[in-house]
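J.: Below are the structure tokens for one structure; questions will follow.
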Amino acid sequence: MITLEKVNKFFGHNHVLKDIDLTVKTGEKLVVIGPSGSGKSTMIRCMNLLERPNSGRVIVDGVDITSPNAPVNQIRQSAAMVFQQFNLYPHKTVLENLTLAPILVKGVRKEEAEETGMAFLERVGLKEKASAYPAQLSGGQQQRVAIARALNMHPKIMLFDEPTSALDPEMINEVLDVMVDLANEGITMVVVTHEMGFARRVADRVIFMDEGQIMEQGTPEHFFLNPEHDRTKLFLSRIL
Ligand code: ADP
Ligand code: MG
């Protein structure tokens, strides 16, 4: 579903991604861990062209998204991103947040976008908040709305960049539970997170990034039981 081939990314002289090779299979749940500044966000952002690599190729669902004439909007629809900061539209209701992009970007009829939107709100447990505004919701509720909003675009891939890092501890689980639910439905997921409990429950594979490279990869059990590299051990000793 996603292939990165020799992907390099520079910010000025800062070599942020170094020859990254990675394949994510259809339906796979990939968890990405690693220290701050190691390139996790940049890598995941390359998967839907929020960042463009300086060299190498990114192929998503059979489309080379790094080719000059790649259909950017279509790519962003098929790989939806959920961010640490929920980025909801503050002056739109919850339901409007869910229907705006399907109507404007995909040309979905309003009634249909509202119908599927309500169904996704129900799935994240927030149907009764459809007419509320984001500021009236807790952080955990806002992030669940952001997930429902992404789902209402009917993406093939869900990309999560530290979706629980901005949340108060008591709200982390309500968001992770929604993500576990989603994982069980078979959608392809790439999740940058340090929540190793989540990794253990859903990840098919975990990759550890350090200084712009994939240092180590394996099952969650591999990382819990016998991580190979000292850098991995050190990192895990800090987060576990
Ligand atoms: P992580 O998500 O693992 O914390 P990032 O991918 O955000 O790492 O950042 C990797 C490196 O790239 C860091 O050194 C960061 O400062 C730099 N960087 C990220 N985004 C930008 C940007 N838009 N402009 C310049 N430098 C950036
Ligand atoms: Mg990041």
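J.: To the nearest 10 square angstrom, what accessible area does MET1 show with a 1.4 Å probe?
T.: Rounded to the nearest 10, the figure is 40 Å².
J.: Then there is this: Output the relative contact order of the chain, whole-number percent, from Cα pairs under 8 angstrom with separation of 6+ residues. Could the numbers behind the result be given before it?
T.: On the way: 436 pairs, mean separation 62.7, N = 240.
This gives 26 percent for the chain.
J.: So what is the relative contact order of the range 112-216, in percent, for Cα pairs below 8 Å that sit 6 or more residues apart?
T.: Computed value for the range 112-216: 23 percent relative contact order.
J.: Ok, one more. 222 nm [θ] for the chain, helices only, -39500 (n - 2.57) per DSSP H run of 4+, per residue, to 500?
T.: After summing the helix terms and dividing by the residues of the chain, the value is -11500 deg cm²/dmol.
J.: Given the whole protein assembly as supplied and a 1.4 Å probe, what does the accessible area of ASP19 come to in Å², nearest 10?
T.: Taking all protein chains as shown, ASP19 has close to 80 Å².
J.: Over 21 Å apart: what share of the alpha carbon pairs of the range 1-67 falls there, rounded to a whole percent? Mind showing how you got there, number by number?
T.: Numbers: 393 of 2211 pairs.
The proportion of pairs with Cα distances above 21 Å equals 18 percent.
J.: At a threshold of 8 angstrom on Cα-Cα distance, excluding pairs fewer than six apart, so keeping six or more, what relative contact order does the range 137-199 reach in percent? Provide the component values of the computation, followed by the final result.
T.: On the way: 48 pairs, mean separation 27.9, N = 63.
Normalised by residue count, the contact order of the range 137-199 is 44 percent.
J.: Provide the percentage of antiparallel DSSP beta bridges, counting only those with both residues in the chain; round to the nearest 5.
T.: In the chain, DSSP labels about 55 percent of beta bridges as antiparallel.
J.: So how tilted is helix 110-123 from the main axis of the chain? Cα-based, degrees 0 to 90, rounded to 10.
T.: With rounding to tens, the tilt is 60 degrees.
J.: For the cross-link pairs LYS40/LYS92; LYS6/LYS156; LYS18/LYS233; LYS106/LYS129; LYS29/LYS127; LYS92/LYS129, which exceed 19 Å when the distance is taken from alpha carbon to alpha carbon?
T.: LYS40/LYS92; LYS6/LYS156; LYS18/LYS233; LYS106/LYS129; LYS29/LYS127
J.: A further question follows. Compare THR188, THR3 by solvent-accessible area with a 1.4 Å probe and give them largest first, with all protein chains kept in place.
T.: Accessible-area ranking of THR188, THR3, largest first: THR3, THR188.
J.: Go through 113-125, 218-230, 50-62 and give me the packing order, highest mean Cβ count within 10 Å leading.
T.: So the order, starting with the most tightly packed, is 113-125, 50-62, 218-230.
J.: Let me ask something else. Quick one: ranking ARG231, ARG205 by accessible area, 1.4 Å probe, largest first, what do you get?
T.: If we order ARG231, ARG205 from most to least accessible, we get ARG231, ARG205.
J.: Roughly how many debye, to the nearest 20, is the charge dipole of the chain about its Cα centre, given +1 on each Lys and Arg Cβ, -1 on each Asp and Glu Cβ, and no other charges?
T.: Values: 26 positive and 30 negative charges, 98 e Å.
Approximately 480 debye in magnitude.
J.: Any chance you could look up the accessible area of SER78 with a 1.4 Å probe, heavy atoms only, rounded to 10 Å²?
T.: 30 Å²
J.: Could I ask something else about it? Treating the Cα atoms of the chain as identical point scatterers in vacuum, please give the log10 of the normalised Debye intensity I(q)/I(0) at q = 0.08, 0.14, 0.15 Å⁻¹, two decimals.
T.: Reported log10 I(q)/I(0), two decimals: -0.30, -0.92, -1.05.
The values are calculated or read from the model by the stated rules, or taken from the named source; none is laboratory data. What you see is a predicted model, and the numbers here were worked out from it, not measured in a lab. Every residue, glycine among them, receives a Cβ derived from its backbone with ideal geometry; neighbour counts consider all protein chains shown. Note: areas computed on protein heavy atoms with side chains; ligands, DNA, RNA excluded. Shrake-Rupley method; radii C 1.70, N 1.55, O 1.52, S 1.80 Å.
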